[in-house]
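The values are calculated or read from the model by the stated rules, or taken from the named source; none is laboratory data. Computed from a predicted structure; not experimentally measured. A quick note on method: Cβ atoms are made from the backbone with ideal geometry, for glycine too, and the neighbour counts reach across all protein chains shown. Surface areas here come from the heavy atoms of the whole protein model, side chains and all, with no ligands, DNA or RNA. Shrake-Rupley method; radii C 1.70, N 1.55, O 1.52, S 1.80 Å.
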Amino acid sequence: MSELRDPAHGAAAAAAPYDALLLLSFGGPEGPDDVVPFLENVTRGRGIPKERLKEVGQHYFLFGGVSPINEQNRALLDALRKDFAENSLDLPVYWGNRNWAPYLTDTLREMVADGRRRIAVLTTSAYASYSGCRQYRENLAEALATLAAEGLDLPRVDKLRHYFNHPGFVRPMIDGVLKSLAELPEDVRAGAHLAFTTHSIPTTAADTSGPVEEHGDGGAYVREHLDVARAIADAVQVETGVERPWQLVYQSRSGAPHIPWLEPDICDHLETLHGEGAPAVVMVPIGFVSDHMEVLYDLDTEATAKAAELGLPVARSATVGADPRFAAAVRELVVERAAAERGLPAERCALGALGPSHDLCAVGCCPAARGGAKPAAAGADSPYA
């Protein structure tokens, strides 16, 4: 990407008007005693009994009650700060979570105390959907409302655009697939299928994901994932000289069984491929930034066990995590948005057919499926300018 800098001040001015970056993530427990309180935070307002939460928490207890997402975020924070420093981008990076410490409201309060007035926000969700975008914006609005009630001067927060197709997000996944293919037994490698996985969501939520004009038939959520999967499959074909069958599949379904969710499930897909004579499968978790619990359990534990039961060789490729190329991509996202806020042209990097995403979420973008509309910051309908 071309450098977008103020000639008078060089790289140090590239982030203006922003004076901080907030890494906003989901959060996760860091010990057995945290599991049920964490799940209570995640499901607050849904009336789920504590005994049911203890059952759900068994996935976490299998791993000592620790989700890897927090450690992944610490690694990403280090990678971002290192990249920013090496590229003379003078922008402090903070971290806040929706559902566990460090909590978003506490982090924003700290940022206000530090004098931060214009904050760029990176969420650890790359695609459009209610849970992947608008819910984060609602959390930002709730946190700002709390600070306002405390009499604090509110900063302006701007959420960076969806980065699902940014080269710095996609290229590490391409390399992950190539590495996984190389790890398969040589006699099944050439015929291996690619199963691109992401979080299943209710079909109604998928259909209304993205701007209103993109609603229907899976909405932006499915469209964006298909575009990334196709870009990765095409790149792998170029690198290996082999055209491989691939499909977008889903994992981590939850909720009432009578509500339609996106399908097929990864385990069902593995059974289908085995029945069709596929020699091997690479599972590619394109819907996840890091190896959090749903990747470790649903793919590395449950799906891998299903494959072993079938006698089907599988490999799971890596998520992006704290890859330096992703850290560089975040820097580019900050710089491009900062340039746009200053009224300057900006190169907006994107792979695939969809092009770069919008900066500002429009009214009606990714509405909530239940509970009615809540205020959401960092969008066209934000109550906070």
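Listing for the model above:
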| item | result |
| --- | --- |
| Answer from 234, 265 - the residue that is open to solvent by less than 60 Å² (accessible area, probe 1.4 Å) and of a type outside the set (Lys, Arg) | 265 |
| Single condition residue 25 does not satisfy, out of (1) of a type in the set (Ser, Thr, Tyr); (2) within 18 Å of residue 102 (Cα to Cα); (3) open to solvent by 30 Å² or more (accessible area, probe 1.4 Å) | (3) |
| Residue check for residue 369: more than 24 Å from residue 157 (Cβ to Cβ), part of a loop (DSSP other than H, G, I, E, B) and open to solvent by 40 Å² or more (accessible area, probe 1.4 Å) | yes |
| Looking only at the stretch 330-355, and only at residues there that are in contact with a His (Cβ under 8 Å, 6 or more places away or on another chain), assigned to a loop (DSSP other than H, G, I, E, B) and not small (Gly, Ala, Ser), the one that is least open to solvent (accessible area, probe 1.4 Å) | 349 |
| Per-region count, the stretch 285-306, residues aliphatic (A, V, I, L, M), surrounded by 23 or more Cβ atoms within 10 Å (Cβ to Cβ) and either within 19 Å of residue 62 (Cα to Cα) or modelled with pLDDT under 95 (or both) | 3 |
| Every residue from the stretch 69-96 that is closer than 18 Å to residue 33 by Cα, buried (at least 18 other Cβ atoms within 10 Å of the Cβ) and not β-branched (Val, Ile, Thr) | 70 |
| Subset of the stretch 63-115 [of a type in the set (S, T, N, Q) and within 11 Å of residue 27 (Cα to Cα)] | 67, 70, 72, 73, 97, 99 |
| Out of 205, 233, 220, sole residue that is aliphatic (A, V, I, L, M), assigned to a helix (DSSP H, G or I), within 21 Å of the chain's Cα centre (by Cα) and more than 28 Å from residue 381 (Cβ to Cβ) | 233 |
| Count of the stretch 337-362 residues which are in contact with an Asp or Glu (Cβ under 7 Å, 6 or more places away or on another chain) and modelled with pLDDT of 95 or more | 7 |
| Whichever residue in the stretch 268-279 is touching a residue at least 24 places away in the same chain (Cβ under 8 Å) and open to solvent by 20 Å² or more (accessible area, probe 1.4 Å) and, among such residues, is farthest from residue 370 (Cα to Cα) | 279 |
| One residue from 161, 171 being of a type outside the set (S, T, N, Q), surrounded by fewer than 23 Cβ atoms within 10 Å (Cβ to Cβ) and either assigned to a helix (DSSP H, G or I) or free of Cβ contacts under 8 Å to residues at least 12 places away in the same chain (or both) | 171 |
| Filter pass, residue 146 being part of a helix (DSSP H, G or I), out of contact with any Pro (no Cβ under 6 Å at 6 or more places or on another chain), touching a residue at least 12 places away in the same chain (Cβ under 8 Å) and closer than 30 Å to residue 260 by Cα | no |
| Residue in the stretch 238-262 that is least open to solvent (accessible area, probe 1.4 Å), counting only those that are at pLDDT 95 or above and among the polar types (S, T, N, Q) | 251 |
| Conditions (1) surrounded by fewer than 16 Cβ atoms within 10 Å (Cβ to Cβ); (2) over 21 Å from residue 183 (Cβ atoms): number failed by residue 309 | (2) |
| Search result, residues across the stretch 105-130 that are over 10 Å from the mean Cα position of the chain (by Cα) and either more than 26 Å from residue 292 (Cβ to Cβ) or open to solvent by 10 Å² or more (accessible area, probe 1.4 Å) (or both) | 105, 106, 109, 110, 112, 113, 114, 115, 116, 117, 118, 130 |
| Test: residue 40 is part of a helix (DSSP H, G or I) and at pLDDT 95 or above | no |
| Test result for residue 273, under 23 Å from the mean Cα position of the chain (by Cα), aliphatic (A, V, I, L, M) and at pLDDT 95 or above | no |
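Quick grid of which residues meet (1) in contact with a helix residue (DSSP H, G or I) (Cβ under 7 Å, 6 or more places away or on another chain); (2) without any contact (Cβ under 8 Å) to a residue 60 or more places away in the chain; (3) over 30 Å from residue 117 (Cα atoms):
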site: 23; (1), (2), (3): yes, no, no
site: 28; (1), (2), (3): yes, no, no
site: 31; (1), (2), (3): no, yes, yes
site: 36; (1), (2), (3): yes, yes, yes
site: 46; (1), (2), (3): no, yes, yes
site: 67; (1), (2), (3): yes, no, yes
site: 77; (1), (2), (3): no, yes, no
